[in-house]
Amino acid sequence: QVQPVESGGRWVQAGDSLRLSCKLSGFISAINSMAWFRQAPGKEREFVGVVSRNGGSTNVVDSVKDRFVISSDNPKVTMYLQMNSLKPDDTAVYYCAADRSARPGVSVGEYNYWGRGTQVTVSS
């Protein structure tokens, strides 16, 4: 079993920066993709970005690419989401997901392991 655990979410003001972390535990050697999703109140969960544990390539959704950066530590056990110039529209629960698939997916259904989420609230 694999368990992602998110941390770092909190209340911030518009324009602030925040870094989220996601640490994997369990049988992590089987994991090839780690991703961030977010879900705002009343909306569907949406893809934010992904990092491949094989090679370390990253991909961030175009809507936040100029403000958000995804990275991971060298063993690729912990993934980070650096969020800059935060806006009220970024308010959401941010989820970490992981999967064995070697192809970094962008949809919810492509990930089998999920964290419980961390709340990010951005006030104007």
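The values are calculated or read from the model by the stated rules, or taken from the named source; none is laboratory data. All values derive from a computational prediction rather than experimental measurement. Virtual Cβ from ideal backbone geometry, glycine too; neighbours counted across all protein chains shown. The accessibility values were calculated without ligands, DNA or RNA, using every heavy atom of the protein model including side chains. Shrake-Rupley method; radii C 1.70, N 1.55, O 1.52, S 1.80 Å.
Some observations on this one:
- Gain on full stretching of the segment that runs from E46 to R100 - 0.36 nm per residue minus C-alpha separation: 17.5 nm
- If the segment from S71 to V5 were pulled out straight at 0.36 nm per residue, it would be longer than the present Cα-Cα gap by 22.2 nm.
- In order through segment 52-59: 3J(HN,Hα) via Karplus (6.51 cos²θ - 1.76 cosθ + 1.60), integer Hz, x for Gly, Pro: 8, 6, 9, x, x, 5, 10, 8
- Rounded to the nearest 5, the antiparallel percentage of DSSP beta bridges internal to the chain is 95%.
- Percent carbon-and-sulfur accessible area, segment 1-69, ignoring ligands, DNA and RNA, probe 1.4 Å: 46 percent
- Applying the Karplus relation 6.51 cos²θ - 1.76 cosθ + 1.60 with θ = phi - 60° to segment 33-40 yields 3J(HN,Hα) values of 10, 10, 9, 10, 10, 9, 9, 8 Hz, where x marks Gly and Pro.
- The residues of segment 1-88 expose on average 51 square angstrom of accessible surface per residue, using a 1.4 Å probe on protein heavy atoms.
- D_trans [Stokes-Einstein, Kirkwood Rh over alpha-carbon pairs] for the chain, 4 °C, 1.567 mPa s, µm² s⁻¹: 91 µm²/s
- Amide H contacts under 5 Å for S72, placed H, 5+ residues apart: Y80
- Extending 7 Å from the Cα toward the beta-carbon at both S25 and S107 defines two label points whose distance is 3.2 nm.
- Backbone amide hydrogens, once placed in the peptide plane, bring R100 within less than 5 Å of N32, N112, excluding anything fewer than 5 places away on its chain.
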